[in-house]
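Since the structure comes first, as structure tokens, the remarks are kept for the end.
The values are calculated or read from the model by the stated rules, or taken from the named source; none is laboratory data. Every value quoted in this text rests on a predicted model; they were computed, and no experiment measured them. Reconstructed Cβ throughout: ideal geometry from the backbone, glycine too, with neighbour counts over all protein chains shown. The protein model used for the area step is the full one, side chains on, heavy atoms only, and it has no ligands, DNA or RNA in it. Shrake-Rupley method; radii C 1.70, N 1.55, O 1.52, S 1.80 Å.
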Amino acid sequence: MKIAISYKDGQIFEHFGHAELFAIYEYNEDKPEEMTKMLLECGDRHGHKAMADLMKENGVEIVMSGHMGTEAKNQLLAYGIIPVAGYCGDADTAADMLISG
């Protein structure tokens with residue numbers, strides 16, 4: 001399972017479409033305690049469609065951000081990616097909580 005979290009200084013960044021960085025967490029489904037994390041720079045990609053495309057290109061299954069508008073959610077859902085919004089705090093903890101249910 002791949003989870004992407006909009007990321008800044010170890011925390012969940014507040015806005016999906018303006019994130020400069022995403023933390024990508026990949027969990028082993030047989031052993032969820034085995035996880036790899038990489039940071040993905042967004043470069044010149046900004047906006048809902050560009051970010052949704054980036055998530056699809058990287059095989060992300062769930063995206064978490066502090067805030068995410070309807071257009072962004074719809075773009076992700078069109079690719080079969082689950083949007084999760086309305087959270088703040090430590091990104092690593094949030095990813096672990098998502099995977100553990």
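Tabulated results
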| quantity | calculated |
| --- | --- |
| Pairs where the first residue, in region 29-42, is touching a residue at least 60 places away in the same chain (Cβ under 8 Å) and the second is assigned to a strand (DSSP E or B) and of a type in the set (F, W, Y), C-beta under 8 Å, 6+ apart | M35/Y25; M35/Y27 |
| Filter result (surrounded by 14 or more Cβ atoms within 10 Å (Cβ to Cβ) and not in a strand (DSSP E or B)) within region 1-13 | M1, F13 |
| Filtered residues of region 27-38 (kept if surrounded by fewer than 18 Cβ atoms within 10 Å (Cβ to Cβ) and in contact with a strand residue (DSSP E or B) (Cβ under 6 Å, 6 or more places away or on another chain)) | M35, T36, K37, M38 |
| Sole residue being within 20 Å of L98 (Cα to Cα) and either among the polar types (S, T, N, Q) or touching a residue at least 60 places away in the same chain (Cβ under 8 Å) (or both), chosen from G80, G10, G59 | G10 |
| Inter-residue pairs, beta-carbon under 7 Å, first hydroxyl-bearing (S, T, Y) and in region 84-101, second part of a loop (DSSP other than H, G, I, E, B) and surrounded by 15 or more Cβ atoms within 10 Å (Cβ to Cβ), 6+ apart | Y87/G66 |
| Single condition G17 does not satisfy, out of (1) open to solvent by 10 Å² or more (accessible area, probe 1.4 Å); (2) at pLDDT below 90 | (1) |
| Residues within region 67-101 that are among the small types (G, A, S), buried (at least 19 other Cβ atoms within 10 Å of the Cβ) and modelled with pLDDT of 95 or more, tallied | 1 |
| In region 47-65, the residues that are surrounded by 18 or more Cβ atoms within 10 Å (Cβ to Cβ) and of a type outside the set (A, V, I, L, M) | H48, S65 |
